[in-house]
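What follows is a short report on a single structure.
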Amino acid sequence: MTMRSVNHWFWIFLLAACSENLVDDPIPFVAFPDEVITLSLIPALQQDGGHYLVNGKGVRGIIVHRVNSTTFRAFERNCSFQPNEACATVDVHITGLFMVDACCGSNFDFPNGNPSGGPAFRPLRQYRTQLSGSTLIISDEVIN
């Protein structure tokens, strides 16, 4: 091996050693029966940008977000970064503009649940929603 090829391998090794490790535990899954929400009973879901927390569904609950009158998103509250940590729970930030996990400091955007800050590199799990008149149905079918 020449000195040039040794130097080349040194730099490849150094870059690999310094790169961020994007391997993490898989996000857990807990099946749940459909959640049926009568939108007229939830004032926050009657306006664009509104959100509502559903407890007892999924791993740590669900954040429902109204994008517009025909589009609703349902996000798992279990953070996508180190999801098995006891505190890996996502909440809506006090401003209502994004979601945050206070444990690891990751932020996630509305309306897609993509990471926008902190160590998380995967989006939040998203469940299928179906709008039927003024009823929103959330199933445990994962769509991302």
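Take the residues of the range 44-61 that are over 17 Å from Leu97 (Cβ atoms) and assigned to a loop (DSSP other than H, G, I, E, B): which is most open to solvent (accessible area, probe 1.4 Å)?
Filtering the range 44-61 for residues that are over 17 Å from Leu97 (Cβ atoms) and assigned to a loop (DSSP other than H, G, I, E, B), the one most open to solvent (accessible area, probe 1.4 Å) comes out as Asn55.
Restricting to the range 90-144, give me the number of residues that are open to solvent by 30 Å² or more (accessible area, probe 1.4 Å) and touching a Cys at 6+ places or on another chain (Cβ under 8 Å).
Result for the range 90-144: 5.
Using beta carbons and a limit of 7 Å, which pairs, at least six apart or on different chains, have the first residue in the range 88-99 and at positive phi and the second one assigned to a loop (DSSP other than H, G, I, E, B) and among the aliphatic types (A, V, I, L, M)?
Nothing qualifies.
Considering only residues that are part of a loop (DSSP other than H, G, I, E, B) and of a type in the set (A, V, I, L, M), which ones fall in the range 82-131?
If we filter the range 82-131 for residues that are part of a loop (DSSP other than H, G, I, E, B), which is where we start, we get 82-88, 93-97, 102-105, 110-114, 118-125.
Matches in the range 82-131: Ala86, Ala88, Ile94, Leu97, Ala102, Ala120, Leu124.
Scan the range 73-81 and give yes if some residue there is assigned to a strand (DSSP E or B), closer than 22 Å to Ile138 by Cα and open to solvent by 40 Å² or more (accessible area, probe 1.4 Å), otherwise no.
Taking the range 73-81 and keeping what is assigned to a strand (DSSP E or B), we get 73-76, 78.
Checking the rest, the ones that are also closer than 22 Å to Ile138 by Cα come to 73-76, 78.
Applying the additional criterion that residues be open to solvent by 40 Å² or more (accessible area, probe 1.4 Å) yields 73.
Within the range 73-81, one or more residues are assigned to a strand (DSSP E or B), closer than 22 Å to Ile138 by Cα and open to solvent by 40 Å² or more (accessible area, probe 1.4 Å).
Only one residue in Asn107, Asn68, Asn114, Asn84 is over 16 Å from Pro28 (Cβ atoms) and either over 11 Å from the mean Cα position of the chain (by Cα) or among the aromatic types (Phe, Trp, Tyr) (or both). Which one? First the steps, then the outcome.
Working: Asn107 fails: either over 11 Å from the mean Cα position of the chain (by Cα) or among the aromatic types (Phe, Trp, Tyr) (or both); Asn114 fails: either over 11 Å from the mean Cα position of the chain (by Cα) or among the aromatic types (Phe, Trp, Tyr) (or both); Asn84 fails: over 16 Å from Pro28 (Cβ atoms).
So the residue among Asn107, Asn68, Asn114, Asn84 that is over 16 Å from Pro28 (Cβ atoms) and either over 11 Å from the mean Cα position of the chain (by Cα) or among the aromatic types (Phe, Trp, Tyr) (or both) is Asn68.
Against the condition without any contact (Cβ under 8 Å) to a residue 12 or more places away in the chain, on the phi > 0 side of the Ramachandran plot and out of contact with any Pro (no Cβ under 8 Å at 6 or more places or on another chain), how does Gly133 come out, does it pass? Give the steps one after another, and end with the answer.
Working: without any contact (Cβ under 8 Å) to a residue 12 or more places away in the chain: yes; on the phi > 0 side of the Ramachandran plot: yes; out of contact with any Pro (no Cβ under 8 Å at 6 or more places or on another chain): yes.
Yes: the conditions hold for Gly133.
I need a count of the residues in the range 132-144 that are aliphatic (A, V, I, L, M) and in a loop (DSSP other than H, G, I, E, B). So that I can check it myself, show each step before the final result.
Within the range 132-144, the first condition is being aliphatic (A, V, I, L, M), and the residues that meet it are 136-138, 142-143.
Still in the running and in a loop (DSSP other than H, G, I, E, B): 143.
Summing the residues that are aliphatic (A, V, I, L, M) and in a loop (DSSP other than H, G, I, E, B) in the range 132-144 gives 1.
Can you pull out every residue in the range 20-41 that is among the β-branched types (Val, Ile, Thr) and surrounded by fewer than 16 Cβ atoms within 10 Å (Cβ to Cβ)? Quick ask: steps written out before the conclusion?
Applying the first criterion (among the β-branched types (Val, Ile, Thr)) to the range 20-41 yields 23, 27, 30, 36-38.
Selection gives Val23, Val30, Val36, Thr38.
Based on this model, can you work out whether Arg66 counts as touching a helix residue (DSSP H, G or I) at 6+ places or on another chain (Cβ under 6 Å), at pLDDT 95 or above and either surrounded by fewer than 21 Cβ atoms within 10 Å (Cβ to Cβ) or basic (Lys, Arg) (or both)?
Working: touching a helix residue (DSSP H, G or I) at 6+ places or on another chain (Cβ under 6 Å): yes; at pLDDT 95 or above: yes; either surrounded by fewer than 21 Cβ atoms within 10 Å (Cβ to Cβ) or basic (Lys, Arg) (or both): yes.
Taking the combined requirement at face value, the residue satisfies it.
Please state which one of Pro115, Pro111, Pro123 is in contact with a His (Cβ under 9 Å, 6 or more places away or on another chain) and within 24 Å of Ala44 (Cα to Cα).
Values: Pro115 fails: in contact with a His (Cβ under 9 Å, 6 or more places away or on another chain); Pro123 fails: in contact with a His (Cβ under 9 Å, 6 or more places away or on another chain).
So the residue among Pro115, Pro111, Pro123 that is in contact with a His (Cβ under 9 Å, 6 or more places away or on another chain) and within 24 Å of Ala44 (Cα to Cα) is Pro111.
The values are calculated or read from the model by the stated rules, or taken from the named source; none is laboratory data. Keep in mind that what you see is a predicted model, and the values were worked out from it rather than measured. Neighbour counts are summed over all protein chains in view; Cβ atoms, including those assigned to glycine, are modelled from backbone coordinates with ideal geometry. Please note that ligands, DNA and RNA were not included when accessible areas were found on the heavy atoms of the full protein model with its side chains. Shrake-Rupley method; radii C 1.70, N 1.55, O 1.52, S 1.80 Å.
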